[in-house]
Amino acid sequence: MEYSFGDWVKRRRKALDLTQQELARKVGCSVATIFKIESDERRPSRQIAELLALHLEIPPEQKQLFLKVARQEKVVDSLGSIPPASLTHTAPSSDRPQARLPISLTSLIGREHELQMIVQQIQDPSCRLLTLTGPGGVGKTRLALEAAYQLQDSFLHGTWFVSLSGASVSEFIVPAIADVLSFSFAGTTEPKLQLFNYLKEKKILLVLDNLEHLLNGIEVLGELLEYSRSVRLLATSREILKLSAEWAFEVQGLPVPAGTEHQNGDE
């Protein structure tokens, strides 16, 4: 079977049980960069190729081969000599809980009332999409994560965090959601419809972070809500999304005690 370099990277990543977001974090690049590499829209730079070799667990004796293929100095078929990831990687235990939300390393202080209001709104049957708005650094992401933690037991199919900070166009929204859910596209059906069908009967909360730069084409989220009636969305954005199903919650900065300087940057 013929495959491209992007296909090979994607297969290797999945064999190592990594999402695009996790690989991007390890490599130190944007999720959009990993997406473009796996879609064959671009080839990695020498530096990124080196980091991919490390985090895709390419055996040391095969590293130079991988780098040459990445830089188009050798054909993709050459990668067939690299041992499968299953031979170099111990698969996670099947009964291990799947990580769905990033671990918060700090306590949420002074936001109890706002948090309670957000949780109550998401639990309201009429609320399908709640957008937390406010300037950068005000604490929208931290509040969204804490609300998602508290709501985990309310969603049969889980609460999931989708970071879109590295996405440049709205077309990345669908593949970003699919990647977090470990959902693979197949066949000729439009990827958007494949994802919508997968989510159609799922009682799930998706936390979509940093949507303000994807407003052109954001209508795809409205389509998702129309098609998949049990899905709820909790979004963060500096601006409202202007979708018909949207409820908005403005996140305010914490008060600054007199005589002190305060910085609130957890986003």
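Every number here is computed from the coordinates shown, using simple stated rules; none is lab data. Keep in mind the model is a prediction, meaning the values are calculated, not measured. Heads up, the Cβs are rebuilt from the backbone with ideal geometry, glycines too, and the neighbour counts pull from every protein chain shown.
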Report the residue, chosen from Ala70, Ala53, Ala186, that carries the largest GNM mean-square fluctuation when the chain is represented by alpha-carbon nodes joined by springs under 10 Å. Ala186
Under a 5 Å amide H to amide H cut-off, with H placed in plane at 1.01 Å, what residues pair with Ala235 once short-range neighbours are removed? Leu130, Thr131, Leu132, Leu208
Specify the angular offset, from 0 to 90 degrees and rounded to the nearest 10, of the alpha carbon long axis of helix 46-55 from the longest principal axis of the alpha carbons in the chain. 80 degrees
Could you give me the ³J(HN,Hα) list for region 199-216, computed from phi with Karplus coefficients 6.51, -1.76, 1.60 and θ = phi - 60°, whole Hz, x at Gly and Pro? 8, 4, 9, 8, 8, 9, 10, 10, 9, 9, 9, 6, 9, 4, 8, 10, 5, 7
Per-residue HN-Hα couplings for region 74-83 [Karplus 6.51, -1.76, 1.60; θ = phi - 60°; Hz; x = Gly/Pro]: 9, 6, 4, 4, 4, 5, x, 7, 7, x
Using a 10 angstrom cutoff on alpha carbons, build the Gaussian network for the chain and name the most mobile of Gly187, Gly137, Gly253. Gly187
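Neighbouring Cβ atoms within 10 Å as the yardstick, rank Leu211, Leu16 fewest first. Let's see the in-between values first.
Working: Leu211 24, Leu16 17.
Final ranking by Cβ density, sparse to dense: Leu16, Leu211.
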Per the charge dipole of the chain (beta-carbon charges, Lys/Arg positive, Asp/Glu negative, Cα centre), the residue among Gln194, Ser244, Ser230 reaching farthest to the positive end is Gln194
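Would you calculate a helix-derived [θ] at 222 nm for the chain, using -39,500 (n - 2.57) for each DSSP H run of n ≥ 4 and dividing by the full residue count, to the nearest 500?
Working: 10 runs with 94 residues, N = 267.
Mean residue ellipticity at 222 nm (helix-derived): -10000 deg cm²/dmol.
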In degrees, nearest ten, helix 112-123 long axis to first principal axis of the chain (Cα): 70 degrees
Packing-based exposure ordering (other Cβ within 10 Å, fewest first) of Asp209, Asp17, Asp124: Asp124, Asp17, Asp209
Using θ = phi - 60° and Karplus 6.51 cos²θ - 1.76 cosθ + 1.60, couplings along region 13-20 (whole Hz; Gly, Pro as x): 4, 5, 5, 8, 6, 10, 8, 4
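Cut-off is 10 Å between beta-carbons; in what order do Thr159, Thr133 appear when sorted fewest neighbours first? Write out the running numbers ahead of the final one.
On the way: Thr159 23, Thr133 18.
In order of increasing Cβ crowding within 10 Å: Thr133, Thr159.
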Tail fraction, Cα-Cα pairs, region 1-81, threshold 19 Å, whole percent: 25 percent
Total formal charge among the other residues, if their Cβ is under 11 angstrom from that of Ser244, Lys/Arg +1 and Asp/Glu -1: -1
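If you put +1 on each Lys and Arg Cβ and -1 on each Asp and Glu Cβ, how big is the dipole of the chain around its Cα centre, in Debye rounded to 20?
Details: 29 positive and 33 negative charges, 127 e Å.
I would put it at about 600 debye.
Out of the trypsin sites (Lys or Arg not before Pro) in region 17-58, which ones are loop residues according to DSSP with at most 11 other C-beta atoms within 10 Å? Can you show the working numbers first?
Details: sites: Arg25, Lys26, Lys36, Arg42, Arg46; in loops: Arg42.
Those that pass, being in a loop and sparsely packed, number zero.
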